[in-house]
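Since the structure comes first, as structure tokens, the remarks are kept for the end.
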Amino acid sequence: GRAGVTLTAREPAGLFHAVQTLRQLLPAAVERDSRQRGPWKVAGGTITDTPRYAYRAAMLDVSRHFFTVDQVKRYIDQLALYKINTLHLHLSDDQGWRIAIDSWPRLAAYGGSTQVGGGPGGYYTKAQYRDLVRYATSRHLEVVPEIDMPGHTNAALASYAELNCDGVAPPLYTGTAVGFSSLCAPKEITYDFVDDVVRELAALTPGRYLHIGGDEAHSTSHADYMEFMRRTQAIVAKYGKTVVGWHQLTGAEQVKGAVAQYWGYDATGAAERAQVAEATKVGTKLILSPADRTYLDMKYDRNTDLGQSWAGLVEVDRSYDWDPAAYLAGAGVDPGAVLGVEAPLWSETLSTSDHIERMAFPRLPGVAEIGWSPQSARNWDTYKVRLAAQGPRLTALGIDYYRSPVVPWPAE
Ligand code: TNX
């Protein structure tokens, strides 16, 4: 009405998301953190809105470079503004173990003591991690914790000699290579370790999902990978969580109800796509994170100073212009198998909030719209105008976004 705005929703998350829409209807100045002059008018009308996908996620790699609780909270606020409802935290990798585990204290204390480039690293205490989860929950984001296994485990292997097949702990690692580390699948202590870590992490996790990685296990034999993934999935199920794994999980037998996160790209071979499609036939669901569309650490163009380019250059239009339902249809994936989309941000080259924001913005709002809006309402030529209008809002929020030349930004 003339005097106010009424918001109604079936669930609290819907009201929260309605408020985010209302924020975007108000002038950009509302986003400043100092008092502004009114009046603030909103155009009259009715909006009926509902998301296309239930899973609309962003991932932050806090292992390659550590990000503090306050830095993660800042990113959570930015994600919430665009109705992202899931935060996947990549909590362990070769370069750092970032979550305190009481039964294996050296994981964080030693395994978390450095990062890419050799800086001091860091980790979350359980109290800090619970605070982070509470903060995310208050903004209607579900936290999905990931412990990447059996590869990407040098930080754990360096912390405990007995986890290594040869019983010798390697040194900590601060480079950016992948595929050189593996937990020891034939050793029984490996599953004591996995059980302890999963039990403690599950107890910190009100959400449904627990991500076990499973990617790039180039130093694990196929037989060992199969055995390790079989036993590890059973442990996750025992503690009441739904397994998520990178799509290499589809090369092993999947526990009932497992979710695979597809991170292939244009150059991914037909056999790999077919294996993923095959998995959906037995009930495995998919999260789509195509690297040449949703990887926020890919460079925008040749001149981007941060990021990588192994999946190609990902300009804002390329990042936006694809349909999750069609993406793997050619390989035989039914659209009903797709739970949603996720934009990962790997941090080999990123170490500050400014770095996060220059890579996430303005591509993140596009991934958020892919997750939210029906395909029929999406098209680059109209989207780029709506995205341009976000520029002054991002500026008001203090977000240093990439001024992509393919977006008609207004003069600020
Ligand atoms: C591949 S994506 C990886 C990560 C790297 C990333 C860099 C995935 C499951 N594995 O270990 O950080 O590329 O873009």
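Residues in region 251-268: is at least one in a helix (DSSP H, G or I), within 16 Å of the ligand (Cβ to nearest atom) and out of contact with any strand residue (DSSP E or B) (no Cβ under 7 Å at 6 or more places or on another chain)?
Within region 251-268 (the criterion being in a helix (DSSP H, G or I), within 16 Å of the ligand (Cβ to nearest atom) and out of contact with any strand residue (DSSP E or B) (no Cβ under 7 Å at 6 or more places or on another chain)), the answer is yes, since at least one residue qualifies.
Can you name the residue in region 274-289 that is out of contact with any strand residue (DSSP E or B) (no Cβ under 7 Å at 6 or more places or on another chain) and open to solvent by less than 40 Å² (accessible area, probe 1.4 Å) and is also farthest from the ligand (Cβ to nearest atom) among such residues?
283
From the residues in region 1-39 that are among the β-branched types (Val, Ile, Thr), surrounded by 10 or more Cβ atoms within 10 Å (Cβ to Cβ) and touching a helix residue (DSSP H, G or I) at 6+ places or on another chain (Cβ under 9 Å), which one is farthest from residue 83 (Cα to Cα)?
5
Which one is surrounded by the fewest Cβ atoms within 10 Å (Cβ to Cβ) among residues in region 102-137 that are charged (D, E, K, R) and touching a residue at least 12 places away in the same chain (Cβ under 8 Å)?
Once the filter is applied, the top-ranked residue is 102.
Working only within region 290-306, note down all residues that are part of a loop (DSSP other than H, G, I, E, B) and open to solvent by 10 Å² or more (accessible area, probe 1.4 Å).
Correct list: 299, 301, 302, 303, 304, 305, 306.
Taking the condition part of a helix (DSSP H, G or I), touching a residue at least 24 places away in the same chain (Cβ under 8 Å), within 28 Å of residue 265 (Cβ to Cβ) and open to solvent by less than 10 Å² (accessible area, probe 1.4 Å), does residue 248 pass?
Criteria not met by residue 248.
Across region 340-397, what is the total count of residues that are under 12 Å from residue 82 (Cα atoms) and either at pLDDT below 95 or touching a Ser or Thr at 6+ places or on another chain (Cβ under 6 Å) (or both)?
Counting residues in region 340-397 that are under 12 Å from residue 82 (Cα atoms) and either at pLDDT below 95 or touching a Ser or Thr at 6+ places or on another chain (Cβ under 6 Å) (or both) gives 3.
Kindly indicate the residue of region 176-221 that is small (Gly, Ala, Ser) and farther than 24 Å from residue 87 by Cβ and also surrounded by the fewest Cβ atoms within 10 Å (Cβ to Cβ) among those meeting that condition.
177
Out of 237, 202, which single residue is farther than 20 Å from residue 286 by Cα, away from the ligand (no atom under 16 Å from the Cβ) and not basic (Lys, Arg)?
Criteria check complete, one pass: 202.
Residues in region 40-55: is at least one crowded, with 17+ Cβ neighbours inside 10 Å and not aromatic (Phe, Trp, Tyr)?
Scanning region 40-55 turns up at least one residue that is crowded, with 17+ Cβ neighbours inside 10 Å and not aromatic (Phe, Trp, Tyr).
The values are calculated or read from the model by the stated rules, or taken from the named source; none is laboratory data. None of these values were measured; they are calculated from a predicted model. Ideal geometry is used to build each Cβ from the backbone, glycine not excepted, and the neighbour counts take in all protein chains shown. Calculation scope for accessible area: heavy atoms of the full protein, side chains included, ligands and nucleic acids excluded. Shrake-Rupley method; radii C 1.70, N 1.55, O 1.52, S 1.80 Å.
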